[in-house]
């Protein structure tokens, strides 16, 4: 294989990677509403609907655990919302670097500061991982807190 064939193969691989990354960006945007609805519905069903049917006289119970449950579900929802945004930007910065690499491989001048953009990508990617983990932990803690509330008042 000649150097030119190797370069063309590499550029082709990068372009396919750009297409895959663009699909990931589109997926993040599409899932945004679905994730919010799922978390909201879970919180509402578990904390309001279920408790409403079990607790006959709500004035006779201490609602602190229930308030903590709602707070945890709200935190899970907000963290998930923010993680969608950071995930989108992580993909976008990754795509920018890859597109710029294609440009430079074709002998054109770079349009971005690659090191800075890679740094932004890493920050957004780590933030997304942290927020997704936090969202999951808040959701689990909210469910556990709700179970404790129900077990104390049933």
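The values are calculated or read from the model by the stated rules, or taken from the named source; none is laboratory data. The model shown is predicted, which means the values in this text are computed figures rather than measured ones. Cβ: placed from backbone, ideal geometry, glycine included. Neighbour counts: every protein chain shown.
Any residue at all in the range 105-113 that's at pLDDT 90 or above and part of a helix (DSSP H, G or I)?
Within the range 105-113, none of the residues are at pLDDT 90 or above and part of a helix (DSSP H, G or I).
Can you spot a residue in the range 108-127 that is surrounded by fewer than 20 Cβ atoms within 10 Å (Cβ to Cβ), under 30 Å from residue 5 (Cβ atoms) and in contact (Cβ under 8 Å) with a residue 40 or more places away in the chain?
No: zero hits.
How do the pairs read when you match residues in the range 12-38 that are more than 22 Å from residue 100 (Cβ to Cβ) with residues anywhere that are part of a helix (DSSP H, G or I) and modelled with pLDDT under 70, using Cβ under 9 Å and keeping only pairs 6 or more apart or on different chains?
Note: no pairs meet the criteria.
Applying the selection to the range 133-154, what residues are within 18 Å of residue 87 (Cα to Cα) and at pLDDT 85 or above?
133, 134, 135
Filter the range 52-70 for residues that are over 22 Å from the mean Cα position of the chain (by Cα), closer than 17 Å to residue 141 by Cβ and touching a residue at least 60 places away in the same chain (Cβ under 8 Å) and give the result.
Within the range 52-70, 65, 66, 68 meet the criteria.
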